[in-house]
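J.: One structure, as structure tokens, below. Some questions next.
The values are calculated or read from the model by the stated rules, or taken from the named source; none is laboratory data. Please read these numbers as outputs of a predicted model, since none were measured by experiment. Positions of Cβ are generated from backbone atoms using ideal geometry, with glycine treated the same way; all protein chains shown enter the neighbour counts.
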Amino acid sequence: MTVPVGYYLILAAALFTIGLVGVLVRRNMIVMFMCIELMLNSVNLTLVAFSRIHGNLNGQIMSFFVMVVAAAEVTVGLALIINLFRLRSSVDADDVRSLRS
Amino acid sequence: MAEFVVFWIMAPLALGSALSMLFMRNAVHAALMLVLNFFAIAVLYAVLEAQFLATIQIVVYAGAIMVLFLFVLMLLGVHRDEAPGGKLRRQGPFAVFFGVVLFVVLAITVAQPFLSSEDACPDQVAAGTESTEPGSCVGLAGANREGNVRGIGLRLFTDYVWPFEVTSVLLVIAAVGAMVIGRKKENAEDLVDQLPSTDPSPEPEPDPEPEPESLAVAGEPDLEGTTES
Amino acid sequence: MEHVATPDAGSVIALAWLIPVIPAISAGLLLLFGKRLGTLAAPIAIAAITASFGLSVAVFTALNAADPEARTFVVNVATWLQVGSLSVDWKLLIDPLTAVMLLLVTGVGALIHLYSVGYMHGDERYSRFFAYLNLFAASMLVLVLGESLLTLFVGWELVGLCSYLLIGFWFERRDYAGAAKKAFVTNRVGDVGFMLAMFVTFAAVGSLSFSDVLPASGLATGTVTAIGLLLLVGAVGKSAQIPLYVWLPDAMAGPTPVSALIHAATMVTAGVYLIARMSPLYLQVPDVGMVVAWVGALTALVAALIACVQNDLKKILAYSTVSQLGYMFIAVGAGAYTAGVFHLLTHGAFKALLFLAAGSVMHAMHEETNVWKMGGLRKAMPITFVTSLIGWLAIAGLPPLSGYFSKEEILAAASERSGMLPVYFIGLAVAGLTAFYMTRWFVLIFLGKPRYDHSGPHALHPHESPWTMWVPLAVLSVAAAGAGLLNTSAEGGWLHGWLEHSVAGFHAAVHPIGHSTLIALALSVGALGILAAFVRYVRREPQAEGAVARFPGYQRLAFNKFYVDELYQLAIVKPGRMLADGLAVIDRRGIDGAVNGVARGTAGLATVGRRLQTGFVRSYAFAILVGAVLIAALFIVGAGVGNGWIG
């Protein structure tokens with residue numbers, strides 16, 4: 001009863017897709033951000049699976065760095081969202097359209 | 001065997017929590033679903049012989065990042081139900097369609113070579129063997145000889161020390177940046193965006209919730225003092 | 001052309017290039033500093049032209065001293081351009097024909113410069129007038145001195161330009177500016193012919209220099225005919241013959257010194273000079289000569305008829321000029337080039353005299369030009385009266401004044417050319433008409449009782465002009481009287497001998513009319529004309545030929561210049577304007593429309609493309625997704641094609 005390693009990859013792909021659709025469908029900026037985190041996690045999962053495939057730890061190191069950067073990114077991103085909220089009293093992504101035309 | 005069981009419990013859990021995160025109207029509920037997802041992934045990391053990463057996942061992702069998210073959600077008070085649709089209602093189905101297309105593409109290109117039963121990785125129990133199976137998974141038995149933490153540490157501080165140092169600088173920058181962006185704005189030129197038309201409140205000051213500055217950076221050690229500028 | 005030589009370095013002929021250059025420099029100075037110089041401009045200008053006159057006299061003397069066979073010199077001043085096989089240099093041709101032209105231009109020019117001091121006194125653009133006069137003198141001198149058709153053409157165009165500037169000198173008057181424009185444009189039409197002649201010449205000979213062109217050997221008759229006719233077109237424009245004469249009467253809008261200098265003595269004679277210079281070519285094609293003579297004859301007749309019924313004293317003289325130029329064309333057309341040049345010289349003297357006298361009269365009568373408002377001026381302006389008398393008798397052909405000799409020679413040449421007898425008779429009739437209308441001119445202005453208001457509140461008290469104006473009159477009257485001596489007889493006269501080696505000689509072919517009969521006929525028609533004018537205008541109190549309505553049919557036709565101007569307006573100006581309007585519409589709609597259309601199209605595209613910038617972050621994310629999917633699909637297709645389908 002074995003689990004071919006490809007199943008992990010399929011799972012990661014599915015998670016990635018779900019996160020992607022979430023970014024496009026949800027309007028709450030914070031929830032969009034969370035979906036982006038989900039996408040990052042799916043990539044991490046893929047990296048770890050490939051690390052196991054290739055038999056060295058490079059994938060895991062890469063995944064480690066992705067996590068660090070994700071943490072930094074979340075910090076700054078949430079600060080920005082707070083700033084935006086201060087201006088518009090809303091975190092609806094559709095309210096931020098000053099780039100229109 | 002154990003891997004089989006664990007996988008088939010955790011995988012649906014991860015998928016299910018992700019999907020419900022997608023569909024939950026309440027933002028806090030969605031965040032909690034995401035936490036659950038992260039836990040499932042952490043278990044999967046453990047199964048994939050990435051024990052260190054599993055721990056880090058729980059500590060950093062579920063423990064810090066999601067807490068940060070929840071704090072912001074609660075403090076901004078935007079967890080209320082989100083009205084469905086909005087101005088880009090029509091984008092939804094197309095997004096799903098393209099997403100599915102992307103999934104299929106990824107599955108075909110990335111996952112396809114590794115789906116046959118020979119591609120199962122050798123069990124952790126059979127230690128010390130880097131067997132070349134007819135399949136393509138090598139397994140981390142060799143790399144994890146002295147334990148996963150030790151292995152990662154060796155690689156991290158020899159081959160990858162330079163990126164390691166850079167990411168530490170990155171973290172500092174992120175912290176400083178967050179403080180700068182999040183501080184209370186008293187001068188007009190501090191404002192990032194000046195459009196009065198879409199701004200429901202006549203002026204950005206006084207800040208409706210004076211608390212968030214000090215707590216917005218709660219995720220990082222509180223380098224206090226710069227809330228008043 | 002015989003025996004061309006380069007002058008010695010020390011001789012005055014080598015300095016001949018100064019003759020046009022001194023007035024040119026003076027013109028430049030006056031144009032730049034005229035305002036500051038004020039009335040000092042006149043002495044500077046007069047000094048410049050007098051210097052040129054002095055040099056011209058020196059050149060004449062030097063030529064005279066040389067051997068008659070060796071009087072042709074070429075002075076190389078500078079290289080202008082060298083393009084392929086065409087090499088054009090600034091070269092001067094000094095030969096006897098050039099010498100007489102130089103004397104005419106600088107001599108009459110100097111006198112008119114002096115005259116302008118009095119005439120243009122008080123004008124606000126005083127110094128500019130003198131600058132233009134000097135510029136004109138320089139241009140005409142370049143024309144006369146040029147050694148190649150191209151150099152001549154440069155002078156040709158420049159005098160056209162100066163004519164425009166000077167006719168439209170008082171450009172505040174719209175009609176004066178229009179007259180200047182008309183002169184320039186009509187001249188331009190003729191210039192096209194000149195240019196085409198240059199092209200043909202260059203194609204046939206390979207050079208435009210007179211030393212190469214004038215020997216005219218080995219050219220096909222067709223080529224020479226073409227060159228001759230095309231040069232005639234140019235000459236017709238510049239010398240105001242049919243059909244391009246319409247600008248000269250209107251050119252009277254310019255100040256009278258301008259009329260005297262340019263439109264009597266010098267510029268309009270450039271066409272005659274051109275044909276005389278090219279006489280070796282014209283000699284080869286007598287048929288073209290016939291065309292030239294007929295053009296001249298018809299022009300002389302039509303202009304004389306019009307002159308008989310004009311009321312403006314300057315317009316009468318203008319039509320008279322056109323008519324006399326016709327005479328010169330008859331001469332060169334008949335092959336009597338020397339006679340044409342002779343008449344050119346005498347006409348230059350007496351016509352300039354008459355114009356200056358007219359200016360003197362106008363000056364005294366406060367710019368009145370209608371002869372019916374004058375009369376009896378012989379008492380008020382004695383000097384003008386006497387000099388005008390001499391000019392009148394000269395142009396009427398009274399011996400022994402100059403006009404008699406030159407006209408007589410032309411008529412004789414016309415009668416002695418086979419097939420040109422009709423031309424002779426036309427010339428004879430014109431002689432009678434000339435006498436008639438010039439007598440009319442003289443009588444109405446100077447004789448009889450004053451018809452102007454001389455005692456009322458707006459009384460005019462004409463008086464003699466200042467010395468700067470009557471001294472030139474006096475000098476010119478001497479010239480008008482005595483110039484006949486230049487060539488008292490057709491074969492033995494001095495001018496004939498002088499010009500023998502620079503223009504082709506005249507050889508009489510037939511003698512249908514005896515020599516003394518010719519003289520008798522010419523004298524009698526002249527006397528007839530004078531008598532008829534006296535009868536009509538002196539013996540009884542002349543009625544003002546006032547309202548046109550009282551004219552019987554023919555006279556009205558003549559008074560209105562045979563409606564030629566109106567014809568041109570209808571046939572040429574109107575279609576030209578319609579064409580221009582049509583092209584303007586094409587430019588506005590078509591070309592501008594295309595350019596604007598491109599701009600509009602771009603804007604339209606941009607408007608459509610702008611919709612992509614919705615401002616929604618989510619739609620941008622969607623776009624990224626679509627792009628990523630496309631790229632991934634490309635990868636699959638590429639990999640699949642490369643490996644066979646990934647199983």
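J.: Counting only residues that are assigned to a helix (DSSP H, G or I), in contact with a strand residue (DSSP E or B) (Cβ under 7 Å, 6 or more places away or on another chain) and at pLDDT below 75, which one in the range B:93-148 is nearest to the other protein chains (Cβ to nearest Cβ)? Explain how you work it out, then say what you get.
T.: Our first condition is that a residue be assigned to a helix (DSSP H, G or I); within the range B:93-148, this holds for B:93-114, B:117-119, B:148.
From what's left, in contact with a strand residue (DSSP E or B) (Cβ under 7 Å, 6 or more places away or on another chain): B:114, B:117, B:119.
Add one more test, that the residue is at pLDDT below 75, and what stays is B:117, B:119.
Working: B:117: 6, B:119: 4 Å.
Only one residue fits best here, namely B:119.
J.: While we're here: Out of the range B:11-32, which residues are in a helix (DSSP H, G or I) and at the interface with chain A (Cβ under 9 Å from one of its Cβ atoms)?
T.: Our first condition is that a residue be in a helix (DSSP H, G or I); within the range B:11-32, this holds for B:11-23, B:27-32.
Across the range B:11-32, the qualifying residues are B:11, B:14, B:15, B:18, B:19, B:21, B:22, B:27, B:30, B:31.
J.: Give the residue, chosen from B:59, B:35, B:72, that is part of a helix (DSSP H, G or I), in contact (Cβ under 8 Å) with a residue 24 or more places away in the chain, out of contact with any Ser or Thr (no Cβ under 8 Å at 6 or more places or on another chain) and more than 9 Å from chain A (Cβ to nearest Cβ).
T.: Values: B:59 fails: in contact (Cβ under 8 Å) with a residue 24 or more places away in the chain; B:72 fails: more than 9 Å from chain A (Cβ to nearest Cβ).
From the options B:59, B:35, B:72, the qualifying one is B:35.
J.: Tell me, which helices (runs of 4 or more DSSP H) wholly within the range C:219-337 include 2 or more residues that are within 18 Å of the chain's Cα centre (by Cα) and of a type in the set (Val, Ile, Thr)? First the steps, then the outcome.
T.: Working: elements: C:221-238, C:247-250, C:256-260, C:270-277, C:279-284, C:286-307, C:313-333.
It comes to C:221-238, C:256-260, C:270-277, C:286-307, C:313-333.
J.: Starting from residues that are β-branched (Val, Ile, Thr) and loosely packed, with under 13 Cβ neighbours inside 10 Å, keep the ones in the range C:64-111 and report whichever is nearest to the chain's Cα centre (by Cα). Break it down stepwise before answering.
T.: Quick first cut of the range C:64-111, residues β-branched (Val, Ile, Thr) only: C:72, C:74-75, C:77, C:79, C:83, C:88, C:94, C:98, C:100, C:105-106, C:108.
Next, from what is left, pick out any that are loosely packed, with under 13 Cβ neighbours inside 10 Å: C:79, C:83.
Details: C:79: 28, C:83: 30 Å.
Across the range C:64-111, the extreme among qualifying residues is C:79.
J.: With respect to the numbered conditions (1) of a type in the set (A, V, I, L, M, F, W, C); (2) under 22 Å from residue C:510 (Cα atoms); (3) surrounded by fewer than 19 Cβ atoms within 10 Å (Cβ to Cβ), which one is the sole condition not fulfilled by residue C:447?
T.: For residue C:447, the failing item is (2).
J.: Also: For the range B:149-176, what are the residues that are closer than 14 Å to residue B:51 by Cβ and facing another protein chain (nearest Cβ under 8 Å)?
T.: Applying the first criterion (closer than 14 Å to residue B:51 by Cβ) to the range B:149-176 yields B:149-153.
Residues satisfying the conditions are B:151, B:152.
J.: Within the range C:112-170, restricting attention to residues that are within 25 Å of residue C:39 (Cα to Cα) and among the acidic types (Asp, Glu), which residue is surrounded by the fewest Cβ atoms within 10 Å (Cβ to Cβ)?
T.: For the range C:112-170, the residue satisfying everything is C:124.
J.: Moving on. Select from the range C:616-630 the residues that are out of contact with any helix residue (DSSP H, G or I) (no Cβ under 9 Å at 6 or more places or on another chain) and surrounded by 11 or more Cβ atoms within 10 Å (Cβ to Cβ) and write down the one among them that is nearest to residue A:96 (Cα to Cα).
T.: So in the range C:616-630, the residues out of contact with any helix residue (DSSP H, G or I) (no Cβ under 9 Å at 6 or more places or on another chain) come out as C:620, C:623-624, C:627, C:630.
In the following step, the residues that additionally are surrounded by 11 or more Cβ atoms within 10 Å (Cβ to Cβ) were identified as C:620, C:623-624, C:630.
Details: C:620: 12, C:623: 17, C:624: 18, C:630: 28 Å.
Ranking the candidates gives C:620 first.
J.: Determine if the range C:52-63 includes at least one residue that is within 20 Å of residue C:257 (Cα to Cα) and either surrounded by fewer than 21 Cβ atoms within 10 Å (Cβ to Cβ) or modelled with pLDDT of 85 or more (or both).
T.: yes
J.: Name the residue, out of C:558, C:584, C:527, C:508, that is of a type in the set (A, V, I, L, M), at pLDDT 80 or above, surrounded by 10 or more Cβ atoms within 10 Å (Cβ to Cβ) and closer than 30 Å to residue C:414 by Cβ. Quick ask: steps written out before the conclusion?
T.: Values: C:558 fails: at pLDDT 80 or above; C:584 fails: closer than 30 Å to residue C:414 by Cβ; C:508 fails: at pLDDT 80 or above.
When all the criteria are applied, what remains is C:527.
J.: Moving on to the next point. Can you run down the residue pairs with Cβ atoms below 9 Å, 6 or more apart or on separate chains, where the first is in the range C:330-346 and over 19 Å from residue C:280 (Cβ atoms) and the partner is surrounded by 24 or more Cβ atoms within 10 Å (Cβ to Cβ) and of a type in the set (Lys, Arg)?
T.: From the range C:330-346, the pairs are C:343/C:407; C:346/C:407.
J.: Need the failing condition index for residue C:613 against (1) within 14 Å of chain A (Cβ to nearest Cβ); (2) in a helix (DSSP H, G or I), just the number.
T.: (2)
J.: Now, a different point. Counting only residues that are within 13 Å of residue B:78 (Cα to Cα), free of Cβ contacts under 8 Å to residues at least 60 places away in the same chain and in contact with a helix residue (DSSP H, G or I) (Cβ under 8 Å, 6 or more places away or on another chain), which one in the range A:85-98 is surrounded by the fewest Cβ atoms within 10 Å (Cβ to Cβ)?
T.: We begin by selecting, within the range A:85-98, every residue within 13 Å of residue B:78 (Cα to Cα); these are A:85-86, A:88-93.
Among the residues that remain, those that are also free of Cβ contacts under 8 Å to residues at least 60 places away in the same chain are: A:85-86, A:88-90.
Next, only the ones that are in contact with a helix residue (DSSP H, G or I) (Cβ under 8 Å, 6 or more places away or on another chain) stay: A:85, A:88.
On the way: A:85: 21, A:88: 18.
Across the range A:85-98, the extreme among qualifying residues is A:88.
J.: Something else now. So residue C:205 clears everything in (1) touching a residue at least 12 places away in the same chain (Cβ under 8 Å); (2) farther than 29 Å from residue C:5 by Cβ except one condition, right? Which one?
T.: The one condition residue C:205 does not meet is (2).
J.: Do any helices (runs of 4 or more DSSP H) lying entirely in the range C:355-440 carry at least 2 residues that are surrounded by 24 or more Cβ atoms within 10 Å (Cβ to Cβ) and either assigned by TED's automatic domain parsing to the domain that holds residue C:300 or among the basic types (Lys, Arg) (or both), and which ones are they? Working first, answer last.
T.: On the way: elements: C:377-380, C:382-396, C:402-415.
Counting at least 2 such residues, we get C:382-396, C:402-415.
J.: Here is a list: B:22, B:15. Which entry is modelled with pLDDT under 95 and either under 17 Å from the mean Cα position of the chain (by Cα) or surrounded by 17 or more Cβ atoms within 10 Å (Cβ to Cβ) (or both)? Before you say what the answer is, go through the steps one by one.
T.: Working: B:15 fails: modelled with pLDDT under 95.
One residue alone meets the criteria, B:22.
J.: Residues A:59, A:55: which one is out of contact with any His (no Cβ under 6 Å at 6 or more places or on another chain) and crowded, with 22+ Cβ neighbours inside 10 Å?
T.: Working: A:55 fails: crowded, with 22+ Cβ neighbours inside 10 Å.
Step by step, each of A:59, A:55 is checked, and only A:59 is out of contact with any His (no Cβ under 6 Å at 6 or more places or on another chain) and crowded, with 22+ Cβ neighbours inside 10 Å.
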